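Undergrad: One structure, pasted below without further comment.
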Amino acid sequence: MLGGKDAPVPAGVVVAADEEKISDGVAAAFSAGYSRVKIKITPDSNIGLLKEIIARYPDMLFFADANGAFSEASWERLIAFDGAGFTLIEQPFAEQQWKLHARAKRDMKTAICLDESIGSLADAERAIAEEAADILVLKMGRLGGWSETLKVVELCREHSIGMWVGGMIEFGVSKAHNLALASLPGITLPGDFSASRHFWERDIIAPEIRIENGKVALSKDAGIGYCVDWQREEGASW
């Protein structure tokens with residue numbers, strides 16, 4: 001109905017940034033078949049360690065998510081990430097730091113991606129007008145639903161802005177909508193699509209979302225493609 005393509009959606013997962021755990025976390029994501037890993041970064045992150053880990057997995061994409069941790073005072077620390085091998089750096093500065101994001105986009109080779117800054121179509125228009133990003137994260141819950149999100153998608157297509165579908169710690173109902181969004185033409189980067197068991201012992205949908213060969217197969221069923229599991233008891237049939 002929305003115009004998406006019937007093909008498996010590439011999946012990505014977030015790995016804890018703790019230096020003692022990050023190597024094992026990335027290795028586990030690789031073994032599970034994820035095609036993309038996102039790592040949280042700050043000005044204090046060990047860039048040498050991150051560069052070493054990224055070099056071990058040449059076939060995986062690595063995103064850096066700063067969550068606004070940088071400022072003009074830590075500019076040089078941000079620039080140091082340019083040679084680490086990340087596909088993009090997500091939200092290096094605070095939500096309203098449009099000029100700093102534009103400066104980073106201009107001065108860095110690594111693509112700059114905006115997440116928290118994009119809460120509406122007007123925000124996406126401003127990011128494009130001020131040349132503050134190469135890529136935008138699409139989060140329907142924050143944008144206000146399907147209608148507004150589809151307007152942002154069309155705008156990004158018109159201006160050749162990259163897109164991927166972001167997520168939070170979500171149950172399968174929300175992920176089902178996100179999967180449909182990620183199937184739209186022009187959304188090519190792997191989104192936040194971890195398997196149901198990554199966060200939950202049991203999701204609230206059936207069947208659970210599973211990762212196979214780094215991707216999630218789209219459901220053939222009507223509606224969101226999944227049944228909501230309202231009253232399942234252990235050992236009971238559906």
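Undergrad: Considering only Cα-Cα distances, which of the following residue pairs are longer than 21 Å: Lys51/Lys215; Lys40/Lys109; Lys21/Lys175; Lys21/Lys105; Lys5/Lys109?
TA: Lys51/Lys215; Lys21/Lys175; Lys21/Lys105; Lys5/Lys109
Undergrad: Additional query: Which one of Met140, Pro190, Ile204 is farthest out on the positive end of the charge dipole of the stretch 122-238, using unit charges on Cβ (Lys, Arg +1; Asp, Glu -1) and the Cα centre as origin?
TA: My answer, from the dipole projection, is Ile204.
Undergrad: Further question on the same structure: Can you give the extra length, in nm with one decimal, that the chain gains between Trp146 and Lys51 once fully stretched, where that is 0.36 nm per residue apart less the Cα-Cα distance?
TA: Between Trp146 and Lys51, full extension yields 30.4 nm more.
Undergrad: Taking the Cβ of Lys5 as the centre, find all other residues whose Cβ is under 15 Å away and add up their charges (Lys, Arg: +1; Asp, Glu: -1).
TA: Neighbourhood net charge equals +2.
Undergrad: On to the next question. Over the Cα atoms of the chain, each weighted equally, I'd like the Debye log10 I(q)/I(0) at q = 0.15, 0.17 Å⁻¹, rounded to two decimals.
TA: -1.04, -1.29
Undergrad: Around Phe171, what is the net charge, scoring Lys/Arg as +1 and Asp/Glu as -1 over all other residues with Cβ under 13 Å from its Cβ?
TA: Net local charge, Phe171 excluded: -2.
Undergrad: Fully extended, how many nm does the chain gain between Asp229 and Phe171 (0.36 nm per residue separation, minus their Cα-Cα distance)?
TA: 19.8 nm
Undergrad: Kindly report, to the nearest 10 Å², the accessible surface of His198 as traced by a 1.4 Å probe over protein heavy atoms only.
TA: 80
Undergrad: Then there is this: Rounded to the nearest 5, what is the percent of antiparallel bridges among the DSSP beta bridges in the chain?
TA: 20
Undergrad: If you don't mind, another one. In nm, give the distance between the simple-model label positions of Asp44 and Ser120, each being 7 Å from the Cα along the Cα-to-Cβ direction.
TA: 3.6
Undergrad: Further question on the same structure: About the Cα centre of the stretch 65-111, what is the dipole size in debye to 20, counting +1 per Lys and Arg Cβ and -1 per Asp and Glu Cβ, all else neutral?
TA: Magnitude of the dipole: close to 200 debye.
Undergrad: Oh, and also: Against the 2.2 N^0.38 Å scaling, with N counting residues, where does the stretch 126-238 land? I'd like the Cα-based Rg ratio to two decimal places.
TA: So the stretch 126-238 has a normalised radius of gyration of 1.20.
Undergrad: A further question follows. Go through Thr149, Thr87 and list them by solvent-accessible area, largest first, probe radius 1.4 Å.
TA: Correct descending sequence by accessible area is Thr87, Thr149.
Undergrad: Could you give the size of the charge dipole of the chain about its Cα centre, using +1 on the Cβ of each K and R and -1 on the Cβ of each D and E, expressed in debye and rounded to the nearest 20?
TA: Rounded to the nearest 20 debye, it is 440 debye.
Undergrad: Under a point-charge model restricted to the Cβ atoms of Lys and Arg (+1) and Asp and Glu (-1), what is the dipole moment magnitude of the stretch 180-219 relative to its Cα centre, in debye to the nearest 20?
TA: Approximately 60 debye in magnitude.
Undergrad: While we're looking at this one, here's another question. Give me log10 I(q)/I(0) at q = 0.14, 0.15, 0.25, 0.30 Å⁻¹ for the stretch 164-221, Debye formula, one equal scatterer per alpha-carbon, no solvent.
TA: Computed log10 I(q)/I(0) values: -0.34, -0.39, -1.12, -1.55.
Undergrad: Using just the alpha carbons, could you tell me how many Å³ per residue the convex hull of the stretch 1-125 encloses?
TA: 130
Undergrad: Between Glu154 and Asp221, how high is the FRET efficiency from 1/(1 + (r/R0)^6) when r is the Cβ-Cβ distance and R₀ = 35 Å? Nearest 0.05.
TA: 0.80
Undergrad: Shifting gears a bit: Average the reciprocal distances over every distinct pair of alpha-carbons in the stretch 85-158, invert the result, and give the Kirkwood radius in Å.
TA: The Cα-based Kirkwood calculation yields 12.2 Å.
Undergrad: Heads up, I need the accessible area for Trp98: 1.4 angstrom probe, whole protein in place, Å², nearest 10.
TA: Spelled out: Trp98, probe radius 1.4 Å, area about 10 Å².
The values are calculated or read from the model by the stated rules, or taken from the named source; none is laboratory data. All of these numbers come straight from a predicted model, not from anything done at the bench. Neighbour counts are summed over all protein chains in view; Cβ atoms, including those assigned to glycine, are modelled from backbone coordinates with ideal geometry. Side chains included, ligands, DNA and RNA excluded: accessible areas come from the protein's heavy atoms. Shrake-Rupley method; radii C 1.70, N 1.55, O 1.52, S 1.80 Å.
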